[in-house]
Amino acid sequence: MKRRSLLRRAGALPLSGKIGLALVGFWILAAILGPLVAPYPPGAFVSEEVFAGSTSQFWFGSDFLGRDVLSRLLVGARLTMGLSAIAVAIAVALGTGLALTAAVGPRWLDELLSRAMDTLISIPSKIFALVLVAAFGSSVLLLTLIVAITYVPGNFRIARSLAVGLARLDYVEVARARGEGRIHIALVEMLPNMIRPLCADIGLRFVFIVLLLSGLSFLGLGLQPPEADLGALVRENVSGLAEGALAIMAPAVAIASLTVGVNLLIDAATQGNVK
Amino acid sequence: MADAHVEVRDLCVTVRGPDGAPLRIVDDISFDVARGQMLALIGESGSGKTTIALSLMGHGRGGAAISGDIRVGDATLDGVGARSLAAQRGHRITYVAQSAAAAFNPSRRVIDQVIEPALIHRTASPATARQRAVELFRALALPNPETIGSRYPHELSGGQLQRLMAAMALITKPDLVIFDEPTTALDVTTQVEVLQAFRRVVREQGATGVYVSHDLAVVAQMADHILVLNRGRVREQNDVRTILEAPTDDYTKTLMAAAHPVVAVAAPAARAPEPLLAIHGIFAGYGPVDKAGRPANPVLSDVSLTIGRGAAVGVIGESGSGKSTVARVVAGLLAPTAGQVTLDGEALAQTVSGRTREQLRRVQIVFQNADVALNPAHNVGDILGRVLRFYHGVSGAEAGRRVAQLLDLIRLPAGVADRRCGELSGGQKQRVNLARALAAEPDVILCDEVTSALDTVVRGAILDLLADLRRELGLAYLFISHDIATVKALCDDIVVLYKGTRVESGRCESYSTAPFHPYTDLLISSVPEMRTDWLADESFRNSAPFAGMNEQPALCRFLPRCPVAISGRCDTIAPPLQSMAAGNIILCHRTEEELAR
Amino acid sequence: MSGAPAMSRWRGPLRLIVKRIGLAFLTLFLVSLVIFTISGLLPGDAAQEVLGQSATPEQVAALRHEMGLDQPGPVRYARWLQGILVGDPGQSLVANKPVADIIAERLPNTLTLAALAALVSVPLAFLIGIASAVARGRKLDRALNILTLSMVALPEFLVATIAVLVFAVKLLWLPSIALIPKDPTLAEFVRAYAMPVMVLTVGVVAQLARMVRAAIIAELDRPYVEMAQLKGVGRSRLIFRHVLPNAVGPIVNAMALSLSYLFGGAIIVETIFSYPGLASLMVNAVTSRDMPLLQACAMIFCAAYLLLVLIADTVAILANPRLRQG
């Protein structure tokens, strides 16, 4: 029954939302199945020609070393999607967790956390990420953590304002008057009412994280070879830019289709909720 | 009617319902308004009264579709062959909104907004419009009519803004003025002043009007004819006197009965019950507390009251009187800066965290607005079950049985337990809100304006329920309200708060005849009565001798508004507490004989 | 007679603004702590890195002493902060020049780029945002919504790639590298800046337009708007005289946010077009782990962000009669 109602809700989305859903669904599938269906090993030099155009053999042509772009793209998509998803989960868990702590905790703790987050949010996210990368380097694990931490303050700010708004509502007051503990109030009275409004924020933050991760890789500061996410694929083929090679366009368009898809889906879904 | 100035035939308004299907919210309404007359549209929320009023301006909220024939003067809805209603907005047809505080643009000076209709419709030059505005301000009894316009909306009170909005509506000398619940958001003592101003100015200008309200007594003062609405349909339509004196429709009768709540209580009036909960000399407020122990925004000063076992004590006051703060202090949500709350003679800790679970269980609080008092993420069974588990350690099947009992107690079917609160009606939600307090099996319930957000008829039912529960369970209530009729209907003792001080306290009966505190007197006499000549009768000339004076915490807080203040006494020393013969205690310099007059 | 009340009228907002300025400085101080802690204290030995693996321990120790790295953290922080305050954030480890000199050379370029981008994007964003809000729910709004929604999600390097492909590769109108000659003619200037500005603008316009729309729509839902309509106020008067003055606060805040987003965008854009600005300098500093340079760049970006927010706050305070008379 649950599945049917989900299906019905998907069917009720406007066209833009359906396109978004299709794009997001496609990339989730690609991330899961991509490496299995990739026609060639991603590191194999399979084409004689570098920066070849589309052929029946290599749908998206070949890259600057003559590797198959489609295969590399499918593997890169898994990295981009996977790392971004993990990063967004960390960012939201930390941000929302701290926000709830601030909302139900003593006043000084709220002020301390808010001041700290206000400080961090004053460092533009890409600048912050650059400083972190310079200091800690960019192994897969560190990079994921860096990207996650960069977006904690933003999530904290939104979640805190939601939580503080809820804390003033009568049902939370009633729970306090009943003598309920802070943990009960945070997890049972407040959190369930934050999930829906936070969903949109989680989606947006996923988009930011994909863009930041790809941007760092594009600058050569993200994933290091041989690991290659979508941003790194753009970077390694940048010498093909002057020829307008498919090898550089394909991963760039792939990132865009993912981020635009998520954005369209969130927008359509939240408008549906408002109605 | 040959000289009908407004003519409405077969008016229907359709909106898109929640499921997307068209929903008819106004169904086949016809009426006329003669020139110079005032028609009242009366009904509860959802009756379509505002929708009808707005359709007279060709305005449908949220894309509502208006159909039927509407004519105002020579303008019609579709404007074919003449002018359209929409083109008359702000010119020949004007509007006074319910909440002037929200309907004024916060970033523009009031005068610019008042004369704006005259300027955009070019009915007057800026200078003439200003002049006319000042005349209207004067006619509406606004203070400093020459300069009040240069203020911003946030610098003015709700009653002043409401009158300024009337000036804005009259600036173009319109053919039709629509008043949309213009006094509903105001305190009762302010409402009288505004109603008087409206009545005078409407008579002077000879304006034709449509007056939308839920309050029959208010309408009785303003209107010539009444149209009673229910769910978008006309129930009864007649002149004011006939409706008030001989209503024919059952719904009209229900509405009139509900306006005067009478609760059949077997009140344990005679015997003095043992004290259960007592408040001694409470001072409280918000914001940081200074060295002398005074908070930045003091709200309560020296408030005391006692609730006997099974007794109902009413706390009455207007907005800003601190009546809700009393409940918050008692519930331990706000720590008082001085004073004490005792339960069965035992002092309670200042806040929740210092009280035992048993103490918490015995004192329960119920808030005004059930929409935000019930967590939308949980269903009714969970909400009640949590209380049972928390205080009584009951869970599982036993909890389910107790939940069913509770629902039965508040006269709701057991099936409600599985529903989310969003699916319930306003009255049902308020019942669940009560049931949550009952689940604790408390000794006393703090009811903070629990009936204020409800429609009159539903309000009556909730009051009946409260009275029944009191009788069945021996509950005591601290009943907080702004409405003296409601408090009188339910309570044994009544405390009147004004700006955080207790100006009067006594048995319910002592509020029927003088002597009263001057503020109590104003409060009681300001409640509109259901007769057409009430407003004309009452001489509310508020000629307070110290009207210009600022309030001082050391003196009587009511001094700036008091019509009987004594020069040299009231403005120099704090008033004493005096006991009257009827047993009520009054904080005033005037003697019993003087107050009885 | 008018002097005293006029003074007291401004005292309220003045106090608020002074408070905001103080808060901005406090935040900047805390930011400097964060940046220094992350980049100055935690990582490995800068002296070792400068000298390479072949250096003898004595050489390293000597350089450490020279660089002050043998001092405790708080002392190093105090020195560094003092340096920043007097405009001397130290010596670049890689270029072996004072950081201040390198930045002085690059900063004007980034400011020019950002100013041009702002100049193009702000009016465009207002146009889109207002048009979209006025046509709320109608076709134009829906189309603009999807357009801006997609534009904000585009990575800069995709926009840059497409732009290069179209204007440099296919049409041959513009160079694919932004080389600015000394004393350029107007045509040279436009040719050099056209693509970087275009790419930067795409994201900023979309973001700002969305926020402008949201700010206006939030106002359109307020009761005073319906009241104005019922007074017979026309659409353009409604937007410009009634709604916009109330939306100034959120809109200037949105502008501050969007313009700070320019810095982020500049990082990619300057790199792609080999533009000699501060952002590409910072990327180089990361790659070469040139910490003094990196710290200085980061501080400049943060200070610029805080300045923008401060200006926005001040405008919002002055635009709101409630705060203005506070």
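The values are calculated or read from the model by the stated rules, or taken from the named source; none is laboratory data. Values in this document were obtained by computation on a predicted structure and should not be read as measured data. Here the Cβ is made from the backbone with ideal geometry for all residues, glycine too, and neighbour counts use every protein chain on show. The accessibility values were calculated without ligands, DNA or RNA, using every heavy atom of the protein model including side chains. Shrake-Rupley method; radii C 1.70, N 1.55, O 1.52, S 1.80 Å.
Taking the criterion of being under 27 Å from residue C:205 (Cβ atoms), at pLDDT below 90 and not in a helix (DSSP H, G or I), would at least one residue in region C:228-246 satisfy it?
no
Check off (1) under 13 Å from the mean Cα position of the chain (by Cα); (2) more than 9 Å from chain A (Cβ to nearest Cβ); (3) of a type outside the set (Lys, Arg) for residue C:301 and give me the number that stays unchecked.
Tallying (1) under 13 Å from the mean Cα position of the chain (by Cα); (2) more than 9 Å from chain A (Cβ to nearest Cβ); (3) of a type outside the set (Lys, Arg), residue C:301 fails exactly one: (2).
Have a look at A:232, A:252, A:268, A:256 and point out the one that is surrounded by 21 or more Cβ atoms within 10 Å (Cβ to Cβ), away from chain C (no Cβ under 11 Å) and either touching a Leu at 6+ places or on another chain (Cβ under 8 Å) or modelled with pLDDT of 85 or more (or both).
After applying the criteria, what remains is A:232.
For every residue, the table says whether it meets (1) within 28 Å of residue B:547 (Cα to Cα); (2) away from chain C (no Cβ under 13 Å); (3) buried (at least 18 other Cβ atoms within 10 Å of the Cβ); (4) among the small types (Gly, Ala, Ser).
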{"residue": "B:104", "(1), (2), (3), (4)": "yes, no, yes, no"}
{"residue": "B:124", "(1), (2), (3), (4)": "no, yes, yes, yes"}
{"residue": "B:127", "(1), (2), (3), (4)": "no, yes, no, yes"}
{"residue": "B:141", "(1), (2), (3), (4)": "yes, yes, no, yes"}
{"residue": "B:154", "(1), (2), (3), (4)": "yes, no, no, no"}
{"residue": "B:161", "(1), (2), (3), (4)": "yes, no, yes, no"}
{"residue": "B:165", "(1), (2), (3), (4)": "yes, no, yes, no"}
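Filter the helices (runs of 4 or more DSSP H) completely within region B:1-104 down to those with at least 1 residues that are touching a strand residue (DSSP E or B) at 6+ places or on another chain (Cβ under 7 Å).
Ranges flagged: B:49-55, B:85-88.
Taking region B:389-423 as the search range and keeping residues that are closer than 21 Å to residue B:473 by Cβ and among the acidic types (Asp, Glu), which one is nearest to the chain's Cα centre (by Cα)?
B:408
When you scan region C:247-263, do you find a residue that is more than 8 Å from every other protein chain (Cβ to nearest Cβ), surrounded by fewer than 19 Cβ atoms within 10 Å (Cβ to Cβ) and closer than 23 Å to residue C:33 by Cα, even just one?
Yes; the residues of region C:247-263 include at least one that is more than 8 Å from every other protein chain (Cβ to nearest Cβ), surrounded by fewer than 19 Cβ atoms within 10 Å (Cβ to Cβ) and closer than 23 Å to residue C:33 by Cα.
Provide a single number: the residues in region B:372-404 that are open to solvent by 60 Å² or more (accessible area, probe 1.4 Å), more than 9 Å from chain A (Cβ to nearest Cβ) and in contact (Cβ under 8 Å) with a residue 40 or more places away in the chain.
Within region B:372-404, residues that are open to solvent by 60 Å² or more (accessible area, probe 1.4 Å), more than 9 Å from chain A (Cβ to nearest Cβ) and in contact (Cβ under 8 Å) with a residue 40 or more places away in the chain number 0.
So which residues in region B:356-371 are within 7 Å of chain A (Cβ to nearest Cβ) and buried (at least 18 other Cβ atoms within 10 Å of the Cβ), if there are any at all?
Selection gives B:360, B:365, B:367, B:369.
Quick check, is residue A:212 within 14 Å of chain B (Cβ to nearest Cβ) and either of a type in the set (Asp, Glu) or in a helix (DSSP H, G or I) (or both)?
Values: within 14 Å of chain B (Cβ to nearest Cβ): no; either of a type in the set (Asp, Glu) or in a helix (DSSP H, G or I) (or both): yes.
The answer is no for residue A:212.
Could you tell me whether any residue of region A:1-18 is at pLDDT 75 or above and over 22 Å from residue A:203 (Cα atoms)?
No; the residues of region A:1-18 include none that is at pLDDT 75 or above and over 22 Å from residue A:203 (Cα atoms).
In region B:62-102, which residues are over 20 Å from residue B:176 (Cα atoms), among the aliphatic types (A, V, I, L, M) and either open to solvent by less than 40 Å² (accessible area, probe 1.4 Å) or under 28 Å from the mean Cα position of the chain (by Cα) (or both)?
Within region B:62-102, B:64, B:101, B:102 meet the criteria.
In this structure, is residue B:351 among the β-branched types (Val, Ile, Thr) and more than 11 Å from chain A (Cβ to nearest Cβ)?
So residue B:351 does not fit the description; no.
Identify, please: which residue in region B:435-475 is touching a Pro at 6+ places or on another chain (Cβ under 9 Å) and crowded, with 19+ Cβ neighbours inside 10 Å and is, among those, nearest to residue B:358 (Cα to Cα)?
B:475
Can you tell me which of B:327, B:311, B:296 is crowded, with 21+ Cβ neighbours inside 10 Å and more than 23 Å from the chain's Cα centre (by Cα)?
B:311
Quick check: is even one residue across region B:158-181 over 25 Å from residue B:37 (Cβ atoms) and outside any helix (DSSP H, G or I)?
Checked against the condition, which is being over 25 Å from residue B:37 (Cβ atoms) and outside any helix (DSSP H, G or I), region B:158-181 yields no hits at all.
Need pairs with beta-carbon distance below 7 Å; first residue assigned to a helix (DSSP H, G or I) and within region A:237-266, second acidic (Asp, Glu); sequence gap 6+ or separate chains.
Short answer, once both residue conditions are applied: A:247/A:63.
State which residue pairs qualify: first residue closer than 12 Å to residue B:513 by Cβ and open to solvent by less than 20 Å² (accessible area, probe 1.4 Å) and inside region B:581-597, second residue at pLDDT below 90 and of a type in the set (S, T, N, Q) in any location, beta carbons under 8 Å apart, and separation of 6 or more residues or different chains.
Matching pairs, first to second residue: B:584/B:510.
Any chance you could count how many residues in region C:63-99 are in contact (Cβ under 8 Å) with a residue 40 or more places away in the chain and hydrophobic (A, V, I, L, M, F, W, C)?
So the answer is 7.
Being in contact (Cβ under 8 Å) with a residue 24 or more places away in the chain, part of a helix (DSSP H, G or I) and within 14 Å of chain C (Cβ to nearest Cβ) is the requirement here; does residue A:138 meet it? Steps first, please.
Values: in contact (Cβ under 8 Å) with a residue 24 or more places away in the chain: yes; part of a helix (DSSP H, G or I): no; within 14 Å of chain C (Cβ to nearest Cβ): yes.
No: the conditions fail for residue A:138.
Just to check your reading of the model, which residue among B:577, B:522 is open to solvent by 20 Å² or more (accessible area, probe 1.4 Å), in contact with a strand residue (DSSP E or B) (Cβ under 7 Å, 6 or more places away or on another chain) and not basic (Lys, Arg)? It would help to see each step written out before you state the result.
Numbers: B:522 fails: in contact with a strand residue (DSSP E or B) (Cβ under 7 Å, 6 or more places away or on another chain).
After applying the criteria, what remains is B:577.
For region C:136-188, give me the residue count where each residue is more than 8 Å from every other protein chain (Cβ to nearest Cβ), hydroxyl-bearing (Ser, Thr, Tyr) and touching a residue at least 40 places away in the same chain (Cβ under 8 Å).
Result for region C:136-188: 1.
Please count how many residues of region A:235-249 are open to solvent by less than 10 Å² (accessible area, probe 1.4 Å) and of a type outside the set (Val, Ile, Thr).
4
Scan B:115, B:111 and give me the residue that is assigned by TED's automatic domain parsing to the domain that holds residue B:70, open to solvent by 10 Å² or more (accessible area, probe 1.4 Å), more than 27 Å from residue B:527 (Cα to Cα) and over 26 Å from the mean Cα position of the chain (by Cα).
Numbers: B:115 fails: open to solvent by 10 Å² or more (accessible area, probe 1.4 Å).
The match here is B:111.
Each row is one residue, and each column tells you yes or no for (1) closer than 15 Å to residue A:38 by Cβ; (2) open to solvent by less than 10 Å² (accessible area, probe 1.4 Å).
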site	(1), (2)
A:58	yes, no
A:63	yes, yes
A:71	yes, yes
A:93	no, no
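With within 30 Å of residue B:367 (Cα to Cα), within 14 Å of chain B (Cβ to nearest Cβ), assigned to a loop (DSSP other than H, G, I, E, B) and open to solvent by 10 Å² or more (accessible area, probe 1.4 Å) as the only criterion, which of A:173, A:180, A:189 stands out?
The match here is A:180.
Among A:76, A:105, which is the only one that is open to solvent by less than 30 Å² (accessible area, probe 1.4 Å), within 30 Å of residue A:198 (Cα to Cα) and touching a Pro at 6+ places or on another chain (Cβ under 9 Å)?
Matching residue, one of A:76, A:105: A:76.
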